[in-house]
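The values are calculated or read from the model by the stated rules, or taken from the named source; none is laboratory data. All of these numbers come straight from a predicted model, not from anything done at the bench. Note that we place each Cβ from the backbone using ideal geometry, even for glycine, and neighbour counts take in every protein chain shown. The area values use the complete protein model at the heavy-atom level, side chains included, leaving out ligands, DNA and RNA. Shrake-Rupley method; radii C 1.70, N 1.55, O 1.52, S 1.80 Å.
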Amino acid sequence: MNDASHILRALVNSDSRQIAHLYEVNFYQVEKFILQNKGQKQDAKDIFQKALLQITARYIKEPFEITASFDAYLFVVCKNLWRRELNKSKRWVTEQEGYEHADENQDIALSILEQKRWELFHEYLEKLSENCKEILKLFFNKVSYKRIIVLMNYNSESVARQRIFKCKGKLIDMVQKDNRYHQLKNL
Amino acid sequence: MSLEDDILIEKYLNKSLSKEELTAFENRLLHDPSLQEQVNINKQLIDAINEDSWSFSSGHETEALKEYEDILNAPQLQNLKKTIDHIQDGDKETSKVIRLSNWKRYAIAASIVAIGLFSYFMLQAPSNEELYTDYLQLETLPSLVSRSDDSQLLAQGQKAFEKGSYNDAITIFNEAFLTTKESGVYLYLGISKLQLSQFDSAEKTFDDLIASDLIDAEKGYWYKALLYLKQDNTERSKEVLNKIISGDLYNVEKAKQLLKKIK
């Protein structure tokens, strides 16, 4: 039994001793990240709790494997939840949807599906060549073509564009062939 | 999917199609499901992989969503929530005096803890990060809307900035810089970089402002002081603040205030 499934079981059983330990080991890192990114301690507590609820609900519905360490995975989930929180306010301004009326558990449920889609995209991003990965990360992070040319040592913008087009095409192709995407594409 | 279409999608998503191009593209979208699909996945990928954004669902009721909701509402997870709440509350209480049986001793101990907590909160100075946020005061920035010929571009930049899309703002202001050299552009550009923690680049922008012959050049010092604060470089921040005070530069009163609050 690996460390992750051990902890998942503790969460399913609300094992307070083990969860207290989990909190002690992981909370500080999450708190530090959130304080450095426009949040307060209370935000860190909320996010930490939501992350554990998210992971546990997912595990109850369909046991999944965590390949990295549980702590590393938990941190990724917390980071994403915080990113999501920070982007919520922007979203309400630009798109008028009934999002803000979602109750807390509904909101966590939505975040689970979004996290699954995020994981799917990253799973395939990791399958690309180093070069493709690198250029796509720059591209998706909206680094300008001018800068990409310099960073990646390309001769011209059109070379960079071609390369991005190719790498992105591969990524999209793999994602679209995955059955999981069909359940996640029209969330 | 052709490269041409891919470029169109990219421009569509970052809203840089011309009016005519946009109309034509939207028309095609209406009748071309596979193009729709491409737009959809491109947007999802950008939002998911870009570290400043998040790919939200649009809240469609699906079966999976309902199942997760049910699990979250069931007693098992409500129980877990309580357990976590309890652990997190315990985090606040630093004293373990509860076990004392004598109520007087307990009361005394409790009051000591209360006093202790009180002075702890009184004495706890704000962190540099908090000071940075308090003093940044974005509302004091000059508006760039409707000025020169470039007002269109500047207005766009300001809008991106106000939305918190700092990466977009940087791209736009860099472009604006080719034709306009006004202090406001330096400030917006520098602060955008600062918000993204691109410290070296932000510092360079503020240095450029200071070195310029613009009337507002001295504002660069104030933002440099904030920059060092955000970097948690207390010493250098103090240095700059002192310079503002001795030179009677922009925001001298705030600089005095801030200097007192820094540890």
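Of note:
- Accessible surface of B:THR171 - all protein chains present, 1.4 Å probe, nearest 10 Å²: 70 Å²
- Shape of the stretch B:207-254, Cα gyration tensor, a/c cut at 1.5: oblate
- Each semi-axis of the equivalent ellipsoid for the stretch B:123-263 is √(5λ) with λ an eigenvalue of the Cα gyration tensor; in descending order they amount to 26, 16, 12 Å.
- Shielding score for A:115-123, defined as the mean number of other chain Cβ atoms within 10 Å: 3
- Dipole moment magnitude, nearest 20 debye, the stretch B:159-245 about Cα centre, only Lys, Arg, Asp, Glu C-beta charged: 200 debye
- Under a model in which nothing but the beta-carbon of Lys, Arg (+1) and Asp, Glu (-1) is charged, the stretch A:109-169 shows a dipole of about 260 debye around its Cα centre.
- With the whole protein complex present, A:ILE66 retains an accessible surface near 10 Å², based on a 1.4 Å probe.
- Comparing A:ILE55, A:ALA44, A:CYS132 along the charge dipole axis of the protein assembly as shown, the residue lying farthest to the positive side is A:ALA44, per the Cβ-charge model.
- Along the axis of the charge dipole computed for the protein assembly as shown (Cβ charges of +1 for Lys and Arg, -1 for Asp and Glu, origin at the Cα centre), the listed residues A:ASN80, B:LEU189, B:SER58 are led at the positive end by A:ASN80.
- Ratio of the Cα radius of gyration of the stretch B:150-220 to 2.2 N^0.38 Å, where N counts its residues: 1.00
- Pairs of alpha carbons in the stretch A:102-180 whose separation is greater than 17 Å (percent): 53 percent
- Rg then Dmax, both in Å and based on the Cα atoms of chain A: 19.0, 59.
- The Kirkwood hydrodynamic radius of the protein assembly as shown, based on inverse pair distances between different Cα atoms, is 25.3 Å.
- Surface listing: B:ARG236, A:ARG17 arranged by accessible area from highest to lowest gives A:ARG17, B:ARG236, probe 1.4 Å.
- Burial order of peptide ranges A:69-75, B:133-139, A:7-13, A:48-54 (average beta-carbon count within 10 Å, highest first): A:48-54, A:7-13, A:69-75, B:133-139
- The string of couplings for the stretch B:162-177 from the Karplus curve (6.51, -1.76, 1.60, θ = phi - 60°) is 5, 7, x, 8, 5, 4, 5, 4, 4, 4, 5, 5, 4, 5, 4, 4 Hz, one whole number per residue in order, with x for Gly and Pro.
- Across the protein chains, with a 1.4 Å probe defining accessible surface, the residues B:LEU259, A:LEU35, B:LEU178 rank B:LEU178, A:LEU35, B:LEU259 from largest area downward.
- Across the stretch B:223-229, computed HN-Hα scalar couplings (Karplus, 6.51 cos²θ - 1.76 cosθ + 1.60, θ = phi - 60°) run 6, 5, 4, 5, 4, 5, 4 Hz from first to last residue, x flagging Gly and Pro.
- For the residues of B:75-81, the average number of beta carbons from a partner chain within 10 Å of their own beta carbon is 6.
- Residue-averaged [θ]222 nm for chain A, counting only DSSP H segments that reach four residues, each worth -39500 (n - 2.57): -26000 deg cm²/dmol
- The string of couplings for the stretch B:232-242 from the Karplus curve (6.51, -1.76, 1.60, θ = phi - 60°) is 6, 9, 4, 4, 5, 4, 4, 3, 5, 4, 4 Hz, one whole number per residue in order, with x for Gly and Pro.
- Heavy-atom accessible area with a 1.4 Å probe sorts A:VAL159, A:VAL77, B:VAL252, largest first, into A:VAL159, B:VAL252, A:VAL77.
- Relative contact order for the stretch A:1-74, counting Cα pairs under 8 Å that sit 6 or more residues apart, in percent: 41 percent
- Taking all protein chains as they are arranged and a probe of 1.4 Å, the heavy atoms of B:THR140 leave approximately 70 Å² accessible to solvent.
- Average partner coverage of A:154-164, which counts Cβ from other chains inside 10 Å: 1
- Unmatched cysteines, the protein assembly as shown - criterion: no other Cβ of a Cys under 4.7 angstrom: A:CYS78
- Å³ per residue enclosed by the Cα convex hull of the stretch B:32-73: 97 Å³
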